[in-house]
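Chemist: Mind looking over this structure? Questions follow.
The values are calculated or read from the model by the stated rules, or taken from the named source; none is laboratory data. This structure is a prediction, so every number in the text was calculated from the model and none was measured. Here the Cβ positions follow ideal geometry from the backbone for every residue, glycine too, while neighbour counts run over all protein chains shown. Ligands, DNA and RNA are excluded from the accessible area calculation, which covers all protein heavy atoms including side chains. Shrake-Rupley method; radii C 1.70, N 1.55, O 1.52, S 1.80 Å.
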Amino acid sequence: MNPLAVHDTQAAPRAAENGARRLRGAAMSGIAVVTPDNIVPNAPIAERLGVDDHWIVKRTGIKQRPIATDETVAELSAEAAAKTLDATGLDPADVDLVLVATMTPDLITPNVAPMVVKHLDMGATAAADVGAACTGWLHGVNLASAAVEGGRADNVLVIGADFMSRVTDHYDRSTAPLWADGVGSVLVSAITGTSRIGTIVLGTDPSGAFLIHATHEEGVIRMRGQETFGAAVSDLSNAAMQALAAEGLGIEDIDIFAFHQANARIIRTVGERLELPTERVICCVDRYGNSSAATLPIALGHAHAEGRLTPGTRVLMSTFGAGFTWGAAVVEWGLP
């Protein structure tokens, strides 16, 4: 007898298990956005920089931005997470993992995610922060989807949270008008059948690493705007087309386009390059500013508030950040 034959008795159970896994997908629902109550218009920033309101709007498209006062990243993240759970009807005890994408944690350690677990009294729920600058939230969605599709988790909270006012040089014309504070949260859950979260395209170009950077010594972000602008437009556009190709879709198949809300000029230029219908491109940077890892879920929340993000809506998301990092994905919103 072939000595390996004894193992063949396990072939059928393994095949059945593998088949079951292939029928397990991931879906995204429960968008929630929380921003600080303190809204800062352009006027005080313009006065400090020696420019006017029009100068800021022309270059960034931003008219106001939420800026934290006494709030913490963990507190607002927990609030957004609670709203996501309320929207989906999920008990906190049924969450298997909490991921928080941020580069502005309240403390060096502990990370923000464990503090979210503490605020929501979630017991021993696994929690970790994700660091990939503005691309961090999409990396979190990628990790959550993989965990769900692989059967390692049933429900994962994915939060994008940044208080960029903490790392702003308020006298730097190239960055001070941009940065804002905010949090966005979604739930990634297991479903039967094909995943509603498509292939997530992710990439890195370390040759541009120091075009956006912050050192421990300074503690503020420095950015070479012109070079970053060109890289952002190129990478956002290319990643979006790669995500479409991965799903066998065309631009005409997408209901809404959600790009990283870096500034209105980048969003507009990407839309023109890809020849997108303007009415299908989300642009809410005028009121929310650039809150790094939070901008994609904030854009989704904005679309939801307008009634444009409903179950079955097909969304193309694309983002870009320091590193350089970038990513894109097509998502069919909501549970089946």
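Chemist: With both bridge residues required to lie in the chain, what share of the DSSP beta bridges run antiparallel, to the nearest 5%?
Modeler: 70 percent
Chemist: Using Cα springs under 10 Å in a Gaussian network model of the chain, which residue among A294, A43, A161 shows the largest mean-square fluctuation?
Modeler: Maximum fluctuation in the GNM of the chain, among the listed residues, is at A43.
Chemist: If you roll a 1.4 Å probe over the chain with all protein chains in place, what percent of the accessible area is carbon or sulfur?
Modeler: Ligands and nucleic acids excluded, carbon and sulfur reach 52 percent.
Chemist: Report the full-extension gain for the segment A124 to T215: residue separation times 0.36 nm, less the Cα-Cα distance, to one decimal in nm.
Modeler: Extra length available between A124 and T215 comes to 29.4 nm.
Chemist: Provide the per-residue ³J(HN,Hα) series for region 86-92, in order, calculated from phi with Karplus coefficients 6.51, -1.76, 1.60 and θ = phi - 60°, each as a whole number of Hz, with x at glycine and proline positions.
Modeler: Listing the rounded values in order: 4, 5, 9, x, 8, 6, x Hz.
Chemist: Taking amide H atoms as placed 1.01 Å from N in the peptide plane, list the residues 5 or more away in sequence, or in a different chain, whose amide H sits under 5 Å from that of V220.
Modeler: Those qualifying (amide H under 5 Å, at least 5 residues apart or on another chain) are T215.
Chemist: Further question: With contacts defined as alpha carbon pairs under 8 Å and 6 or more residues apart, what's the relative contact order of the chain in percent?
Modeler: Once divided by the residue count of the chain, the mean separation gives 25 percent.
Chemist: Please calculate how many Å² of accessible area the chain carries per residue, with a 1.4 Å probe and no DNA, RNA or ligand atoms counted.
Modeler: With all protein chains present, the chain gives 44 Å² per residue.
Chemist: Calculate, in nm to one decimal, what D91 and A146 gain on full extension: separation in residues at 0.36 nm each, minus their alpha carbon distance.
Modeler: Stretched fully, the D91-A146 segment lengthens by 17.6 nm.
Chemist: Hey, another quick one. Choose one answer from I31, I221, I197: the residue with the largest mean-square fluctuation in a GNM of the chain with alpha-carbon springs under 10 Å.
Modeler: Answer for the Gaussian network model of the chain: I221.
Chemist: Moving to a separate point now. In whole angstrom, and with the biggest value first, how far do the Cα coordinates of the chain range along each principal axis?
Modeler: Cα extents, longest axis first: 85, 45, 40 Å.
Chemist: If each residue of separation counts as 0.36 nm, what is the full-extension length gain between T109 and L335 once their alpha-carbon separation is subtracted?
Modeler: Separation in residues times 0.36 nm, less the Cα-Cα distance, equals 77.9 nm.
Chemist: Calculate, in whole percent, how much of the Cα-Cα pair population of region 147-290 lies beyond 23 Å.
Modeler: Value for region 147-290: 49 percent of Cα pairs lie more than 23 Å apart.
Chemist: Ok, one more. Could you name the aspartates and glutamates whose alpha carbon sits less than 19 Å from that of K83, not counting residues in the same chain fewer than 8 places away?
Modeler: Hits, sequence-local ones excluded: D37, E71, E75, D91, D94, D96, D121, D154, D162, D181, E306.
Chemist: Please identify which residues in region 195-236 have an amide N closer than 17 Å to a label point set 7 Å out from the Cα of A245, following the Cα→Cβ vector.
Modeler: Within reach of a label on A245, which here means backbone N under 17 Å from a point 7 Å along Cα→Cβ, region 195-236 contributes 199-204, 234-236.
Chemist: May I pose another question? What order do you get for 104-117, 135-148 when each peptide is scored by the mean count of other beta carbon atoms within 10 Å, highest first?
Modeler: In descending order of packing, they fall as 135-148, 104-117.
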